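Working notes for the structure below.
The values are calculated or read from the model by the stated rules, or taken from the named source; none is laboratory data. As the structure is a computational prediction, the values presented were derived from the model and not from experiment. Positions of Cβ are backbone-derived with ideal geometry, glycine not excepted, and every protein chain shown enters the neighbour counts. Keep in mind that these areas ignore ligands, DNA and RNA; they rest on the heavy atoms of the full protein, side chains included. Shrake-Rupley method; radii C 1.70, N 1.55, O 1.52, S 1.80 Å.
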Amino acid sequence: MSNSVFYTVLISTTLLTLLTRVLPFALVKLVKFPYWVEKFLYYLPLTMMTALFFENLYEIPTGQLIPKVNFDVLFAICPALILGYFKRSLMVVVLTGIIAMACIRFFHIL
């Protein structure tokens, strides 16, 4: 694959991801929802991120029944959940989790 094709695909998929995943978060601030929808959306970020984090927190080694804790994920969960509790912003939780996991993986290899 040539460099120009690679960068074209990279830029177009990045823009598509921004349009489909980031733009709705910005647009939702402009819409006035009914009370019951707002109440549901209030708890949604914390529950979504908790479900995603805990899905990867435990791993079952091959041939064993007892799950093991993935400590890299556990250490990345802590700052993300703390900021999620105080900020109630899904974007803050996601970015904190990504940055924490990137730092853990980067320094774990060294």
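If you take the Cα centroid of the range 91-110 and the Cα centroid of the range 1-80, the two points sit 13 Å apart.
Using the charge dipole of the range 2-90 (Lys, Arg: +1 at Cβ; Asp, Glu: -1 at Cβ; taken about the Cα centre), state which of LEU16, PHE40, ILE77 has its Cα farthest towards the positive end. Positive-end residue among those listed: PHE40.
Would you work out the charge dipole size for the chain about its Cα centre, treating the Cβ of every Lys and Arg as +1 and the Cβ of every Asp and Glu as -1, and quote it to the nearest 20 debye? Write down the numbers at each step before the final one.
Values: 8 positive and 4 negative charges, 76 e Å.
It works out to roughly 360 debye.
Take every pair of alpha-carbon atoms less than 8 Å apart whose residues are at least six positions apart; their mean separation over the length of the range 27-84 yields a relative contact order of 27 percent.
Its relative contact order, with pairs defined as Cα atoms under 8 Å and 6+ residues apart, puts the chain at 19 percent. Which shape class, rounded, prolate or oblate, goes with the chain when its Cα gyration tensor gives a ≥ b ≥ c as root eigenvalues, a/c under 1.5 marks rounded, and past that a/b bigger than b/c marks prolate? Because a/c hits 1.5 or more and a/b fails to exceed b/c, the chain counts as oblate.
Membrane-span-like helices in the chain: DSSP H runs reaching 27 Å or more (Cα, own axis), mean Kyte hydropathy at least 1.6?
On the way: long enough: 35-57 (34 Å, 0.65); 90-109 (29 Å, 2.24).
Helices passing the filter in the chain: 90-109.
Across the range 59-110, Cα pairs under 8 Å and at least six residues apart give a relative contact order of 31 percent.
Restricting the trypsin sites (Lys or Arg not before Pro) of the range 1-88 to loop positions (DSSP other than H, G, I, E, B) with no more than 12 neighbouring Cβ atoms within 10 Å leaves LYS29, LYS32.
Within the full protein context, the accessible area of THR8 is estimated at about 90 Å² for a probe radius of 1.4 Å.
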